[in-house]
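This report concerns only the one structure given below.
The values are calculated or read from the model by the stated rules, or taken from the named source; none is laboratory data. Everything numeric in this text was worked out from a predicted model, so none of it was measured. Heads up, the Cβs are rebuilt from the backbone with ideal geometry, glycines too, and the neighbour counts pull from every protein chain shown.
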Amino acid sequence: MKKACLYLLAGIYAPQLSSFASHSDLILPAVFAAIAGIITGRLLPVVCLAAGYLLFLLAADRIIDARIAAPYVGDSIVVEARVAEFPRRNGPTVSFVAQVGANPWVPSTIRVSWFEPGQVVRLGDVWRLELRLRRPRGSSNPGGFDYEGWLFRERIAATAYVVAGQRNLLLRSNELGRVDLLRQAIVDRLVRSDLAPQRSAVLAAITVGARHLLSAGQWERYARTGTSHLMAISGLHVGMVAAAGYVIGLALSLLVSRRACHHRTAVVTALGCALAYATLSGMAIPARRAALMIGIAALANLAGRPLRPLAILAIAAATLAACDPLSTMAPGFKLSFAAVWVLVWLASRRAHRRRFSYLRQLSAMQFALLLGLMPLTVMSFDRVAIAAPLVNLLAVPVFAAVTVPCALAGVLLDGKLQPAGDGLLWAATAGLELVEVMIGYAAGMPLANTTVASFEGWSRLWLLIPVAWVVLPPGWPCRACAWLAAAAIIAWLPARPESGCAAISVLDVGQGLSAVVETSESVLLYDTGPSYRGGGNAAESTVLPFLASRGIRALDQVVVSHSDLDHAGGLETILSAMPVTMVLAGEPLGTTVAERKCVAGDAWVSGDVRFEFLHPPAAAGLAGNDASCVLQVSAGQHAVLLPGDIERKSEQTLLRNGALRPVTAVIAPHHGSATSSSPGFVAALQPALLVVPAGFGNRWGLPDSEVVTRWQARGARVESTADSGAIQFTVCQHESIGPVTSQRDNQRRIWHE
């Protein structure tokens with residue numbers, strides 16, 4: 001049974017790890033393999049693998065086919081939409097998942113962003129909205145969050161933003177089922193209570209799974225200390241409710257009848273309580289996993305055929321994956337089942353011991369979770385919370401004994417019993433404050449949270465070595481190597497370019513620009529990407545994750561070509577996140593650190609690579625696009641030009657001054673606009689590669705088709721971040737240009753466009 005479940009899971013994960021399209025020719029062999037296995041009855045692995053493969057592809061095809069059709073992208077369409085999940089506010093913007101009524105042009109499930117809505121948006125509201133629709137697409141960068149993958153697994157077939165105007169009107173409120181009405185009522189009660197907003201946000205998360213009130217700062221503290229799992233309704237919460245249900249069922253059975261099978265009654269009551277609470281919590285993956293495992297164990301017990309814990313775990317994983325193949329994409333699926341496996345394995349290994357220390361068992365459990373989950377946490381989040389064992393050693397018992405039971409009892413006691421419920425909520429808050437003190441102390445410790453550089457390809461096998469401490473029995477010689485491997489993983493850094501080489505990474509930041517130039521001795525950031533009207537910027541969502549994936553924790557130079565927000569919008573975020581030696585800019589930026597103006601003729605050398613500003617002249621007095629810093633990076637005779645947003649006027653100045661020569665690669669000026677890339681400018685450069693930093697489906701239609709044709713006529717290969725994602729290449733003294741890699745090609749999956 002366990003092997004069949006594992007084969008099924010392997011089949012489901014196979015298409016997630018490949019770049020084959022869902023309509024690939026591999027579907028037909030999978031169907032034949034499954035049929036052959038069923039007929040012969042001897043090919044269980046093949047049947048399970050093929051079944052898993054087909055289950056995922058069928059689910060994927062349904063989502064891909066439901067996506068918005070290309071002719072309606074960019075259109076403004078008035079629809080009737082119901083808010084299907086708790087709306088989340090980020091600054092002035094409210095975002096939510098909406099269910100759209102019957103409409104031939106709009107998919108049934110979309111994600112909506114609304115900048116400064118006129119009134120509060122609530123779960124269950126039905127609105128008439130004017131929406132501008134987009135494909136479910138996101139940026140694609142090394143180390144970045146796979147937004148397209150998230151939209152895919154959430155079954156969101158289009159994104160949209162609300163067009164401000166008189167057409168937007170609230171039609172009905174509280175159009176909810178009974179469960180969601182109860183969830184909303186509990187959240188409303190917590191918000192109206194005398195509790196501090198941050199405390200009520202946590203209580204809403206641990207009682208009904210409503211995490212929309214948690215701030216970004218709270219999430220960061222929990223992530224840094226490895227306590228994010230406390231905010232998810234998981235086995236801890238559901239198991240406690242099931243245990244309480246068992247005790248209540250046993251007590252009621254003893255009171256009603258002494259001849260009844262009290263154990264069976266208690267088991268059924270426990271199962272009913274677990275399912276009810278998992279449903280109330282929103283049926284997130286950890287809650288589903290816990291309820292499913294309790295259900296399997298309960299049914300086996302009632303049937304008189306108890307199952308071993310690992311068998312229950314395997315059946316639960318296969319059942320959940322088969323019923324919802326897309327759920328296997330979520331980090332919560334992998335982490336939840338892996339954590340239970342670690343605990344079950346550890347318990348089975350120590351079951352034979354007669355004497356044990358409770359504190360020692362808890363400590364061993366926390367360190368086993370740290371090492372056992374390290375491969376998944378590094379691959380999913382590029383971080384390791386070193387302080388997690390210590391914090392969880394104290395936080396989990398407080399949560400289990402005080403916070404969770406008091407919070408659950410407190411929200412259930414309402415009406416005439418509300419004073420008692422409020423008292424329990426206060427007790428839950430007291431326990432929570434104790435946990436917050438521990439988390440705050442741990443978050444401030446050196447190396448409490450360590451960002452780990454990304455592992456790619458076969459190097460990911462090194463991540464499996466720390467698991468040896470969990471798997472191998474105590475006393476084995478190689479077991480201690482797990483700790484050395486963990487330290488090596490944390491300290492590992494990707495190789496820097498060789499001396500005389502410059503590695504260029506033009507990031508996919510939408511309609512903006514950010515490029516990273518690495519040499520053997522330094523790192524330069526050219527522009528920081530845009531800031532967004534609704535809050536946030538590309539520096540926090542794209543640039544910093546990329547730098548972390550490369551193990552870059554400080555910058556030698558930050559060059560901001562000019563002050564437009566699509567180039568300078570993330571500067572303050574960069575400066576607050578890491579040390580920066582020098583800031584150079586084409587226009588005054590008013591930053592909190594000293595900055596210098598970039599001036600034509602200024603130059604320096606790093607790692608045998610020469611950096612030189614070609615524009616603007618010292619006394620030019622330029623402003624706006626034409627004030628952009630034009631930086632040339634030269635490795636011997638091979639060079640890369642980063643011209644910012646200069647337009648034809650500045651291009652002519654560079655031509656008159658004789659500053660231009662043929663180069664290897666160019667970042668297209670002004671995102672490929674027709675206001676730049678004049679014929680003389682293109683003829684003087686004659687690059688082998690042109691990289692256009694542009695946003696997908698941008699309203700200006702960039703890059704301009706005539707501009708692209710002009711560069712191609714001079715022999716340039718044209719790549720756009722809008723189509724290719726982040727684009728990376730290397731220039732060296734001894735060779736013209738290294739392989740040009742596209743992130744969308746490197747990491748293509750069936751859910752990517």
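Among the residues of the stretch 456-470, none is identified as of a type in the set (Ser, Thr, Tyr) and touching a Leu at 6+ places or on another chain (Cβ under 6 Å). Each residue in the stretch 505-543 was checked for being touching a His at 6+ places or on another chain (Cβ under 7 Å) and among the charged types (D, E, K, R), and 1 pass.
Cβ-Cβ contacts under 8 Å between residues 6 or more apart (or on different chains), taken from a first residue in the stretch 428-457 that is within 23 Å of Ser200 (Cβ to Cβ) and at pLDDT 80 or above to a second residue that is among the hydroxyl-bearing types (Ser, Thr, Tyr) and assigned to a helix (DSSP H, G or I), are listed as Ala428/Thr403; Gly431/Thr403; Leu432/Thr403; Val435/Thr403; Ile439/Tyr222. Listed by position, the helices (runs of 4 or more DSSP H) contained in the stretch 642-753 that have at least 1 residues being touching a residue at least 24 places away in the same chain (Cβ under 8 Å) and farther than 24 Å from His615 by Cα are 705-713, 721-724, 743-746.
Determine whether Gly621 is on the phi > 0 side of the Ramachandran plot and buried (at least 18 other Cβ atoms within 10 Å of the Cβ). If you could, list the steps in order and put the result at the bottom.
Working: on the phi > 0 side of the Ramachandran plot: yes; buried (at least 18 other Cβ atoms within 10 Å of the Cβ): no.
It is false that Gly621 is on the phi > 0 side of the Ramachandran plot and buried (at least 18 other Cβ atoms within 10 Å of the Cβ).
Residue under question is Ala322, and the condition is that it be assigned by TED's automatic domain parsing to the domain that holds Thr207 and either within 30 Å of Asp61 (Cα to Cα) or of a type in the set (Asp, Glu) (or both); does it hold?
Against the criterion (assigned by TED's automatic domain parsing to the domain that holds Thr207 and either within 30 Å of Asp61 (Cα to Cα) or of a type in the set (Asp, Glu) (or both)), Ala322 qualifies.
Of all residues in the stretch 245-266, exactly one satisfies the criterion of being in contact with a Leu (Cβ under 6 Å, 6 or more places away or on another chain) and crowded, with 20+ Cβ neighbours inside 10 Å, namely Ala266. Among the residues of this structure, Asp508 does not count as one that is on the phi > 0 side of the Ramachandran plot and acidic (Asp, Glu).
Looking across the stretch 713-737 at every residue that is surrounded by fewer than 16 Cβ atoms within 10 Å (Cβ to Cβ) and touching a strand residue (DSSP E or B) at 6+ places or on another chain (Cβ under 6 Å), the one that is nearest to Ser606 (Cα to Cα) is identified as Ser736. Given the structure, is Ala538 more than 19 Å from the chain's Cα centre (by Cα) and on the phi < 0 side of the Ramachandran plot? Here the answer is no, as Ala538 does not meet what is asked.
Mind listing just one residue for me: the one in the stretch 284-297 that is touching a residue at least 40 places away in the same chain (Cβ under 8 Å) and not β-branched (Val, Ile, Thr) and, of those, nearest to Ala210 (Cα to Cα)?
Ranking the candidates gives Ala284 first.
Selection of the stretch 651-673 for residues being at pLDDT 95 or above and among the small types (Gly, Ala, Ser) yields Ala665, Ala668, Gly672, Ser673.
For the stretch 7-30, the criterion of a residue being among the aromatic types (Phe, Trp, Tyr), modelled with pLDDT of 80 or more and over 30 Å from Gln743 (Cα atoms) is satisfied by at least one position. Taking the stretch 508-523 as the range and being assigned to a loop (DSSP other than H, G, I, E, B) and closer than 23 Å to Ser736 by Cβ as the test, the residues that pass are Thr519, Ser520, Glu521, Ser522.
Does the stretch 181-191 contain at least one residue that is crowded, with 18+ Cβ neighbours inside 10 Å and closer than 30 Å to Glu753 by Cβ? Within the stretch 181-191 (the criterion being crowded, with 18+ Cβ neighbours inside 10 Å and closer than 30 Å to Glu753 by Cβ), the answer is no, since none of the residues qualifies. Filtered by the rule that a residue be buried (at least 22 other Cβ atoms within 10 Å of the Cβ), farther than 15 Å from Ala430 by Cα and not aliphatic (A, V, I, L, M), the stretch 394-420 gives no residues. A single entry from Ser628, Ser650 fulfils the requirement of being touching a Leu at 6+ places or on another chain (Cβ under 9 Å), over 24 Å from Phe729 (Cβ atoms) and crowded, with 20+ Cβ neighbours inside 10 Å: Ser650.
Of the numbered conditions (1) hydrophobic (A, V, I, L, M, F, W, C); (2) touching a Ser or Thr at 6+ places or on another chain (Cβ under 7 Å); (3) modelled with pLDDT under 95, Leu176 satisfies every one except a single condition; which is it? The failed condition is (2).
Quick one: in the stretch 524-554, of everything that is touching a helix residue (DSSP H, G or I) at 6+ places or on another chain (Cβ under 8 Å) and of a type in the set (Val, Ile, Thr), which residue is surrounded by the fewest Cβ atoms within 10 Å (Cβ to Cβ)? Filtering first and then ranking leaves Val543.
Under the condition of being surrounded by fewer than 21 Cβ atoms within 10 Å (Cβ to Cβ) and outside any loop (DSSP other than H, G, I, E, B), the residues counted in the stretch 492-502 number 0. Checking Ser720, Ser676 one by one, the residue that is under 21 Å from Leu507 (Cβ atoms), small (Gly, Ala, Ser) and under 28 Å from the mean Cα position of the chain (by Cα) is Ser720 and no other.
When Ser336 is tested against (1) within 23 Å of Leu151 (Cβ to Cβ); (2) among the polar types (S, T, N, Q); (3) surrounded by fewer than 20 Cβ atoms within 10 Å (Cβ to Cβ), exactly one condition is not met: (3). If you take just the strands (runs of 3 or more DSSP E) that sit entirely in the stretch 524-612, which of them hold at least 2 residues that are farther than 30 Å from Val378 by Cα and out of contact with any Asp or Glu (no Cβ under 9 Å at 6 or more places or on another chain)? Qualifying strands (runs of 3 or more DSSP E): none found.
Kindly indicate whether Ala242 is on the phi < 0 side of the Ramachandran plot, crowded, with 19+ Cβ neighbours inside 10 Å and among the hydrophobic types (A, V, I, L, M, F, W, C).
For Ala242, the condition - on the phi < 0 side of the Ramachandran plot, crowded, with 19+ Cβ neighbours inside 10 Å and among the hydrophobic types (A, V, I, L, M, F, W, C) - is met.
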